[in-house]
Every structure is written in C-alpha cells, then in structure tokens.
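The values are calculated or read from the model by the stated rules, or taken from the named source; none is laboratory data. Note that the structure is predicted; figures quoted are calculated from it, not measured. Quick reminder, even Gly has a Cβ in these numbers, built from the backbone with ideal geometry, and neighbours come from all protein chains shown.
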Amino acid sequence: MSSISRHRKLAGLTDAGLILACSLEISMLRASMAYILIALLLLLASCAERLQTSYVPPPLPKQPPAPWCARPAEIGAFNIAALKANLMVVALKCNEVSRYNDFVRQYQQTLVRNEETADGYFSRNNKRRWQQSRDNYITNLSNAQSQRATVLGDQFCRLTQSEMDEVLALPGSVDLPGYADSKTQSVPQAMQFRECPPESPKPAPASRRTQR
C-alpha cells in the first residue's frame, strides 16, 4: 500500500471525499484572492481621491503692470474679459462648447457693454493706436490662459468646470461683475491693473461782481 493510500485510510477519506475537500480549499482560496483584489481596488480608489482633493494648484504667475491706471469700471471690465477667456479655454479643453455658448447668450448685453468699457480704457490712454493696444492685450490674455491650462494639466478640467456651473447659475446679469471680481486669484490676467487716483474736483468759476 502506498503512503498516499495509507494517509487516505487514516483520514477516512475516499477519492470522492478528497476531491470535495480540494474543491472547497480552491473555492476558499479564490474567495480570499477576490477579497484581496477588492480591497486593493478600494485602496487605490481612495488614494486617487485623496490625491485629487489634496491637489493645490500653483499660484498665478505675476503679470507685468499695465501701462496706464484704470478706473474702477474698467478694472471690472477686464476681470470679466479674463473670466470669459478662461471659460473659452474650458469649453475647448473640457468639451463644454455648448454651455459656453449658453453663457454668451445669457450675458450677451453685459459682455457687449463690457467690451465697450475695455475699449474705452485703451482709446482714452492711447488715442492713435488704441486698437493695437487692445489687440495686444487680447493676445497676451489668451497666452496667459493657455499657459495656465498647460501648468494644471490633467487637473485643469476638474478645477475649472465648476466655474461654468457657477456662472450659469447666477441669479442675473448684474451678478456677473461681482463673480468675476471673486475669481481674480484663480483666473489669469494679462496685466496688473492699478486703480487711478480719484480725480480732484474742478475749482468753481470765480464769480464776477456786478458793476453799478
């Protein structure tokens, strides 16, 4: 009698019983491996979520100062221009073109007035070449927005798509300037605008004495 047969006899196992025992062990091993695999997948998902939530975007690069001071309304206009340019990049990179078009339609009148105010800044300070100054600003703004998207990489859409949700959910057009002002620390700008000092009041004309 072979040693295997003796062990079977001592354990009281038949061939069918031995096959059943092996099958149970294999099933238990497979279940253990499945639990381990599920645990690893949950751990990886948790790590990925932590990496996303803990990601802190780098600060915006310092932009050159604007050549001329700007009035408060003009600074607000440039903040809206930066927000609009940022949403355009979101539309192109994050497949949000349809919602960007909704944004333009929803705030069309405000955006038109905003562009007129920004144009007034350039025409007031550079009467002969104001259009060239404006075009240079638009080009530099587009470059700043594209560079920011490149720096953020895969995180760009996750960090910026919420802005599209927020801007479309504003109660009305009057809320757009305030929203744009609140995004100056995260939305790139082409230049650093400084506010013009308040204009000194003009002296009242001297009164003429009436001759008798």
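Just to be sure, is residue 162 at pLDDT below 95 and touching a helix residue (DSSP H, G or I) at 6+ places or on another chain (Cβ under 8 Å)?
no
Test residue 190 against the stated conditions and say whether it is outside any helix (DSSP H, G or I), in contact (Cβ under 8 Å) with a residue 60 or more places away in the chain, under 16 Å from residue 85 (Cβ atoms) and more than 13 Å from the chain's Cα centre (by Cα).
Judged against the criteria, residue 190 is a match.
Is it the case that residue 177 is surrounded by 14 or more Cβ atoms within 10 Å (Cβ to Cβ), under 23 Å from residue 68 (Cβ atoms), touching a Gly at 6+ places or on another chain (Cβ under 6 Å) and not basic (Lys, Arg)?
Judged against the criteria, residue 177 is a match.
Assess whether residue 185 counts as being in a helix (DSSP H, G or I) and modelled with pLDDT under 95.
Numbers: in a helix (DSSP H, G or I): no; modelled with pLDDT under 95: yes.
The answer is no for residue 185.
Please state which of the following conditions residue 170 fails to meet, knowing it meets all the rest: (1) among the hydrophobic types (A, V, I, L, M, F, W, C); (2) at pLDDT below 90; (3) more than 14 Å from the chain's Cα centre (by Cα).
(2)
Kindly provide the set of residues from the stretch 64-103 that are of a type outside the set (Lys, Arg) and out of contact with any helix residue (DSSP H, G or I) (no Cβ under 7 Å at 6 or more places or on another chain), ordered by number.
First, pick out the residues of the stretch 64-103 that are of a type outside the set (Lys, Arg): 64-70, 72-83, 85-92, 94-98, 100-103.
Correct list: 64, 65, 66, 67, 69, 72, 75, 92, 95, 98, 101.
Could you tell me which of the residues 98, 133 is hydroxyl-bearing (Ser, Thr, Tyr), exposed (fewer than 15 other Cβ atoms within 10 Å of the Cβ) and in the same structural domain as residue 165 (by TED's automatic domain parsing)?
Numbers: 133 fails: exposed (fewer than 15 other Cβ atoms within 10 Å of the Cβ).
Being hydroxyl-bearing (Ser, Thr, Tyr), exposed (fewer than 15 other Cβ atoms within 10 Å of the Cβ) and in the same structural domain as residue 165 (by TED's automatic domain parsing) holds for just one of 98, 133, which is 98.
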